[in-house]
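Right, one structure below, let's go through it.
The values are calculated or read from the model by the stated rules, or taken from the named source; none is laboratory data. Bear in mind the structure is a predicted one, so any value in this text is a computation, not a measurement. A quick note on method: Cβ atoms are made from the backbone with ideal geometry, for glycine too, and the neighbour counts reach across all protein chains shown.
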Amino acid sequence: MQCHHVNNHTGRCERDALPGSEYCPIHENLKPKKKNPEGFAKRMYMIQDQQRRARHAELLDNDNRRSLREELMIARLLLEERLNSAQTEADKISSQGAINSLLSTIEKLENSSLKLDQTTGNLLSKTTLLKIASSIVQIIIEELIEIPQSELIVDRISDRIFKTIADIEN
C-alpha cells in the first residue's frame, strides 16, 4: 500500500506504507495527530526537506532524558574541542565568548536533566536508599537463617551497606 502523505509541491508520497499504517517511515511521525493538529502544522511548516524531516522523525522517537543527555554530551565534546583548539594566547582570548556560551549551555542542560530526573523519579533520596537497604538486609537474614553464626555475617553486610549509603554525598 502506498503512503497517504500528500505534499502540496510534489504530490503524494511514492513510498510503501508501514505494515498496519497508512504512512511510510518518514511520514509516520508527521501524520496529523487528533490531539494537537497545531503542533503538526508547525512541524510541517518548519521541516520541508525530506532528509531533515526523516531525521526529525527519528529524533522524535527518542526518550527525552536520553536525548537531553546526548545533547549534554555533544555540548561537552564541543567545549573540549574548543579548549583543545586554542593553541596561542590570542586563540584562548578569542575563544572566551564561545567557551562561556558552551559553559552556559552545559549548565542549562545539566539543570534540565536533573529536574527531569527528579520529576520522573529517577533519583533516589537517602531515605529511600535506606529503606531499600533495610529490605535487602531482611532478605539476607531470611536466606541465611539456617547458617550457623549468620547474624555476624548479616551484621557485617548491613554495616557495609549502610556505611556506603551514609558516605554518599547529595
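All but one of (1) more than 30 Å from Asp159 (Cβ to Cβ); (2) more than 17 Å from the chain's Cα centre (by Cα); (3) surrounded by 12 or more Cβ atoms within 10 Å (Cβ to Cβ) hold for Gln138; state the number of the condition that does not hold.
Condition (1) is where Gln138 drops out.
Within segment 143-150, does at least one residue satisfy the condition of being surrounded by 12 or more Cβ atoms within 10 Å (Cβ to Cβ), outside the structural domain of Arg69 (by TED's automatic domain parsing) and either farther than 24 Å from Arg69 by Cβ or touching a residue at least 12 places away in the same chain (Cβ under 8 Å) (or both)?
First pass over segment 143-150, keeping only residues surrounded by 12 or more Cβ atoms within 10 Å (Cβ to Cβ): 144, 150.
Restricting the remaining residues to those that are outside the structural domain of Arg69 (by TED's automatic domain parsing) gives 144, 150.
With the extra rule that they be either farther than 24 Å from Arg69 by Cβ or touching a residue at least 12 places away in the same chain (Cβ under 8 Å) (or both), the set shrinks to 144, 150.
Yes; the residues of segment 143-150 include at least one that is surrounded by 12 or more Cβ atoms within 10 Å (Cβ to Cβ), outside the structural domain of Arg69 (by TED's automatic domain parsing) and either farther than 24 Å from Arg69 by Cβ or touching a residue at least 12 places away in the same chain (Cβ under 8 Å) (or both).
Of (1) at pLDDT 90 or above; (2) under 30 Å from Ile161 (Cα atoms), Ser101 satisfies all except one. Which?
(2)
If we keep just the residues of segment 1-29 that are at pLDDT below 80 and not in a loop (DSSP other than H, G, I, E, B), which is surrounded by the fewest Cβ atoms within 10 Å (Cβ to Cβ)?
Once the filter is applied, the top-ranked residue is Asn7.
Scanning for something within 30 Å of Arg160 (Cβ to Cβ), outside the structural domain of Ile161 (by TED's automatic domain parsing) and assigned to a helix (DSSP H, G or I), does segment 107-115 turn up at least one residue?
First, pick out the residues of segment 107-115 that are within 30 Å of Arg160 (Cβ to Cβ): 114.
Cutting the leftovers down to outside the structural domain of Ile161 (by TED's automatic domain parsing) gives us 114.
Filter once more, so that each one left must be assigned to a helix (DSSP H, G or I): 114.
Looking through segment 107-115, at least one residue is within 30 Å of Arg160 (Cβ to Cβ), outside the structural domain of Ile161 (by TED's automatic domain parsing) and assigned to a helix (DSSP H, G or I).
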